[in-house]
Amino acid sequence: MSEAFPIYVVDDDEAIRRSLSFMLRTSGFAVKLFEGGLPFLKEAADLEPGCVLLDVRMPDMDGLAVQRELRARGVMLPVVIMTGHGDIDMAVTAMKAGASDFIEKPFEKAALLGCVEAARRVAVADRGANARADDARARLNILTDREREVLDGLVEGLPNKTIAYDLGISPRTVEIHRANLMQKLEVKSLAEALRIAFHAGVEKDEGGGLCHAES
């Protein structure tokens, strides 16, 4: 790694924080320590992409509540839950809520580094996906409202005639808009245009319409 990957350790036990800090720093990671969920949440939105090692039982705010609050704030750092004996149910709940992994205390160095490395791969993949999404949204922003409506119809899998009927325009006009949007997106096939739309978060919603993900 050219730059040390950041690990954010959130645990109220000072001895565990010190132990994890030494273990991770000597393995080439950058480490930032937090003594509880509330201090961590104060800084979470401004942290560099990395991995969170999150204790599940803390006096100020338990790990599950911290994890829920991260998601509510749109902070999508991969989370590895650290559990004590008897906390497996909580760990399973955390995994269902989006934690990337969990590890039981006391843990061996190899097991810890395996979890951290898996989370690092998730973070790198997420950064790539986010970059593709940002690029796709930027490309869609150059389309006119009518071209976006035609693209929405294409994402829905509708033929030109149906799109034309829904929009109250002629099939020939739909063809023109379709050609224009493909030219603006610099694609040669419908599949490429749809791929950009999907990366930008344009998809079917539950009712059969389309939703556009917030950027």
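Tabulated data for the structure shown
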item	result
Failed condition for Met58, given (1) open to solvent by less than 10 Å² (accessible area, probe 1.4 Å); (2) touching an Asp or Glu at 6+ places or on another chain (Cβ under 7 Å)	(1)
Qualifying position, being modelled with pLDDT under 95, touching a helix residue (DSSP H, G or I) at 6+ places or on another chain (Cβ under 8 Å) and part of a helix (DSSP H, G or I), among Ala197, Ala191	Ala197
Members of the range 180-192 found to be of a type in the set (A, V, I, L, M, F, W, C) and more than 13 Å from Thr144 (Cα to Cα), listed by number	Val187, Leu190, Ala191
The listed residue being modelled with pLDDT under 85 and in a loop (DSSP other than H, G, I, E, B), out of Glu206, Glu186	Glu206
Helices (runs of 4 or more DSSP H) fully within the range 64-174 counting 2 or more residues that are of a type outside the set (A, V, I, L, M) and surrounded by 14 or more Cβ atoms within 10 Å (Cβ to Cβ)	109-140, 145-155, 160-167
Search result, residues across the range 1-12 that are in contact (Cβ under 8 Å) with a residue 40 or more places away in the chain and either open to solvent by less than 60 Å² (accessible area, probe 1.4 Å) or more than 22 Å from Leu77 (Cα to Cα) (or both)	Phe5, Pro6, Ile7, Tyr8, Val9, Val10, Asp11
Pair list, Cβ under 8 Å, 6 or more apart: the range 70-82 residue under 16 Å from Met95 (Cβ atoms) and free of Cβ contacts under 8 Å to residues at least 12 places away in the same chain, other residue assigned to a strand (DSSP E or B) and open to solvent by 10 Å² or more (accessible area, probe 1.4 Å)	none
Residue count, the range 19-55 (criterion: in a helix (DSSP H, G or I) and either among the hydroxyl-bearing types (Ser, Thr, Tyr) or on the phi > 0 side of the Ramachandran plot (or both))	2
Any hit, the range 80-95, residues being small (Gly, Ala, Ser) and more than 21 Å from Met61 (Cβ to Cβ)	no
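The values are calculated or read from the model by the stated rules, or taken from the named source; none is laboratory data. On a predicted model such as this, the values are computed, not experimentally measured, just so you know. Glycine gets a Cβ as well: all are built from the backbone with ideal geometry, and neighbour counts include every protein chain shown. Each accessible area value is taken on the protein alone, full model and side chains, heavy atoms only, with ligands, DNA and RNA left out. Shrake-Rupley method; radii C 1.70, N 1.55, O 1.52, S 1.80 Å.
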